[in-house]
Structures are given as C-alpha cells and as structure tokens.
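Notes follow once the structure below has been shown.
The values are calculated or read from the model by the stated rules, or taken from the named source; none is laboratory data. What you see is a predicted model, and the numbers here were worked out from it, not measured in a lab. Quick reminder, even Gly has a Cβ in these numbers, built from the backbone with ideal geometry, and neighbours come from all protein chains shown.
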Amino acid sequence: LASIPEPLIRYRHYDEQVSSRHATEQQIGAAIAKLAYYERLAGRPDPTEDLERLPGTESLDALFGREGVGREVRAQVAPGLLYSKAGLRDHGFELLLRYLSEGGSHSGMWRTVVRLVRFGEPARAARLALRLASSLTPSAQAAGPA
C-alpha cells in the first residue's frame with residue numbers, strides 16, 4: 001500500500017464492479033490488516049493470524065485486546081462509504097450510523113442524505129438525517145445543515 005498513490009486507494013465504486021458487492025467488507029478488511037501490521041511492527045503478535053474469517057467491528061476490541069479498535073476501524077471506513085452505492089445499501093450504512101453515534105465527523109453527511117434519496121433509499125436517507133439532527137450541538141443546530 002505504501003507505493004500506491006492515494007487517489008488509487010480511494011477509487012470510486014460503481015455498480016458493474018464485481019468488487020462493489022463486497023466493498024464494505026473489503027474496506028473493513030483493509031483497515032484491520034493495517035492494524036494487524038502495526039501490531040506486528042510493535043513486536044506484538046498478529047491477532048488475526050489464525051482467523052479464517054474476520055469478525056465484525058464490534059468484536060475487534062476483544063480480538064486486539066484493547067479498547068477503541070472497532071471505533072478506529074469504523075472511523076477509517078465510514079468516510080469511504082459516503083459515495084458507495086453498494087456500501088450505503090449494505091451493512092455499511094449501519095457502520096456509518098454507529099460511526100456518527102460515536103462522535104464521528106459530519107463532514108459530507110448531509111450531502112449523503114440527498115445521495116441516498118437519489119440512490120432510491122429514502123428510508124435510509126431519513127434515518128441518516130434523523131441521526132445527524134439528533135447529534136448536532138445546540139450551536140450547530142442554530143447554524144443549520146452544512
């Protein structure tokens with residue numbers, strides 16, 4: 001990954017890609033692989049070494065033996081889901097909502113509400129809008145959506 005230019009790492013997904021069906025899992029897997037690499041670099045064992053399948057983000061704290069790992073993975077993955085039709089239609093949407101519940105950045109989220117409507121997902125758009133509105137601070141509520 002170190003030699004690949006950043007724009008290639010953050011490429012957009014489109015419906016015809018075979019990998020679009022598994023976009024969220026791939027992004028989560030890449031984030032976990034990076035964390036496992038840092039564990040090995042620090043001289044600790046790789047907690048993913050003997051796994052046949054990666055656990056969900058909610059189980060990562062226990063797997064890595066420290067708090068905040070799942071949250072860190074969600075924080076890495078969530079921004080990459082904002083433009084992914086496949087990601088917003090699969091369990092990536094729930095990951096995005098949890099990221100916001102954990103205090104994640106609202107940057108670009110209001111535009112994602114509109115994008116969800118365009119993707120034919122009005123119920124998810126409404127859920128995201130409600131989550132955004134409920135997590136705004138009083139001063140941000142007075143300023144309106146960004």
Sole exception among (1) surrounded by fewer than 17 Cβ atoms within 10 Å (Cβ to Cβ); (2) over 20 Å from Leu128 (Cα atoms); (3) at pLDDT 95 or above; (4) not β-branched (Val, Ile, Thr) for Leu60, by number: (1)
Only one of Ser134, Ser84, Ser107 that is among the hydroxyl-bearing types (Ser, Thr, Tyr), over 17 Å from Gln26 (Cβ atoms) and either surrounded by 17 or more Cβ atoms within 10 Å (Cβ to Cβ) or within 16 Å of the chain's Cα centre (by Cα) (or both): Ser107
